[in-house]
Amino acid sequence: MELKVNLGPRSYPIVLDSGIAGGLSSRLKKMFPKSKFGLVTNTTIRNLYQKQIEKWKKELGLTIHVMPDGERYKTIATWSRIFDTLLKAKFERSGVIIALGGGVVGDVAGFAAATMLRGVAYVQVPTTLLAMVDSSIGGKTGVDHACGKNLIGAFHQPSLVCIDTAFLDTLTEREFLAGCAELFKYAFIGGRDMFDFVSVNKGVLIKGRSQVLLEGMRRSIEIKAGIVGLDERETGGKRMLLNFGHTFAHALEKYFSFKKLLHGEALWWGMACACALGKILKTIPASDTAAYDTLLRAMPRPKLPSIPSDCDLYSAMFFDKKVSGGKINFVVPAKPGTSVVKSGVPGETVKNVLTKVLGKSE
Ligand SMILES: NC(=O)c1ccc[n+]([C@@H]2O[C@H](COP(=O)([O-])OP(=O)(O)OC[C@H]3O[C@@H](n4cnc5c(N)ncnc54)[C@H](O)[C@@H]3O)[C@@H](O)[C@H]2O)c1
């Protein structure tokens, strides 16, 4: 099936199905008949999908850059090495970068595309559930900084997103569940229909590849594409909703040095904190609190490496991109399927939430 991000001249298709990666070359040759192609991936995916990569290499004459695997390599150093490989291969402005991987590869390769020769085209071929339903869509590219996540980056929309669900078959259960957290996120922001869909199908969604999962992915992608189409650069407030749970999650990831906790796992805890905050701020109608709890509890609770310090986490939140005028903007749930942005929440309230939710996490 084909979906679309509507952004006028920067609009692009999202193709979603099983087994479509094999046909990518012919589509790309039609889209970019005279271009050189570069492919960025990581060691894990290169090892798993060597045959497919070799086939694309033959068909497209690819230059391949393989980066190390892991969030800790989502850095300026890795970004710079992509330039070394592609520029030495005489990459030109008409060149196209293919990002084959999860959110880390997609973000770094996208940032390389945004900045190389003042901007070249790129194509997202996401291989994790998280990247399929979220990070490959919307044009947020970037790398982490010691001060926090994604603090260096650019908005740069891909020309195509090719989502082949067959890649999910090699994903570990832990990574799959981390991606489910991002899919479940849409239940909090994507409207009543999505809330009901995830609530009804939550047990099946977390089990792996199925028609129900495909439908959940389609709905998630449509929600994300719709929000990006309305607020491409997060200036209108709409796109901020996509950060539901992320202010807490990014602080947790930083606290654990981007090593011991997966992004989706941190997001699960972030969503739990956002729900707790919503209860305190009374944005969630009392009659709906149980429905939110049931939704989150449908996913196994990710283990935290240790109980984090609420003060350190709170300090880390001030490095979030959603801070404005020194105030943190929190996205908190309201009635099912909708969330609202709250700023000026007292620090003590936030720390209480952190202690209450994370204090019993081990
Ligand atoms: N740009 C955005 O809008 C956006 C949105 C959400 C998250 N993100 C970013 O995405 C990143 C997280 O993405 P992620 O969860 O995909 O992590 P990831 O890219 O680190 O991938 C997770 C792990 O799965 C492996 N992997 C990938 N595909 C596989 C496959 N098919 N089979 C087996 N193993 C596979 C990877 O090598 C890695 O070890 C974070 O850096 C986060 O900040 C960006």
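In region 5-105, the inverse of the mean reciprocal separation of distinct Cα atoms equals 14.7 Å; this is its Kirkwood hydrodynamic radius. Ellipticity at 222 nm from helices only: DSSP H runs of n ≥ 4 in the chain, each -39500 (n - 2.57), divided by the residue count, give -14000 deg cm²/dmol.
Other residues whose C-beta falls under 13 angstrom from the C-beta of K282 contribute a net charge of +2, scoring Lys and Arg +1 and Asp and Glu -1. Among the chymotrypsin sites (Phe, Trp or Tyr not before Pro) found in region 120-175, not one is both in a DSSP coil and sparsely packed, with 11 or fewer other Cβ atoms within 10 Å of its Cβ.
Beta bridges from DSSP with both residues in the chain: antiparallel share about 45 percent, rounded to the nearest 5. Report the net charge of residues surrounding I189, where surrounding means a beta-carbon distance below 11 angstrom and charges are Lys +1, Arg +1, Asp -1, Glu -1. Neighbour charge sum, excluding I189 itself: +4.
Rounded to the nearest whole Å³, what is the per residue volume of the convex hull around the Cα atoms of region 2-170?
Per residue, the Cα convex hull of region 2-170 comes to 105 Å³.
Take region 2-170 with all the other protein chains still there, run a 1.4 Å probe, and you get 40 Å² of accessible area per residue.
Computed about the Cα centre, the dipole magnitude for region 2-170 is approximately 680 debye when only Lys and Arg (+1) and Asp and Glu (-1) carry charge, each at its Cβ.
May I ask for the net charge around P126, where only other residues with Cβ less than 10 Å from the Cβ of P126 are counted and Lys, Arg are +1 while Asp, Glu are -1? Spelling it out: positives minus negatives among the neighbours equals -2. Counting only protein heavy atoms and a probe of 1.4 Å, the accessible surface of region 2-170 is 53% carbon and sulfur.
Semi-axis lengths, largest first, of the ellipsoid equivalent to the chain are 34, 22, 19 Å, with √(5λ) applied to each eigenvalue of the Cα gyration tensor. Counting heavy atoms of the protein chains alone, D17 has an accessible area of about 60 Å² for a 1.4 Å probe. Each 10 Å bin, from zero up to the one with the longest distance, holds this percent of the alpha carbon pairs of region 265-310: 24, 51, 24, 1.
Helix 103-115 sits at what angle to the longest principal axis of the chain, using alpha carbons and giving 0 to 90 degrees rounded to 10? The helix 103-115 is inclined about 60 degrees to the chain.
Measuring against 19 Å, Cα to Cα, the residue pairs K279/K351; K279/K342; K74/K140; K140/K207; K74/K224; K4/K202 contain K140/K207; K74/K224; K4/K202 as the ones spanning a longer distance. Efficiency by 1/(1 + (r/R0)^6): what FRET value for M1 and F319, r their Cβ-Cβ distance, R0 = 45 Å, to the nearest 0.05? It comes out at approximately 0.70.
The values are calculated or read from the model by the stated rules, or taken from the named source; none is laboratory data. A quick note: this is a predicted structure, and the numbers were derived from the prediction, not measured. So basically every Cβ, Gly included, is an ideal-geometry build from the backbone, and we count neighbours across all protein chains shown. When the accessible area is computed, the model is the full protein with side chains, heavy atoms only, and any ligands, DNA or RNA have been set aside. Shrake-Rupley method; radii C 1.70, N 1.55, O 1.52, S 1.80 Å.
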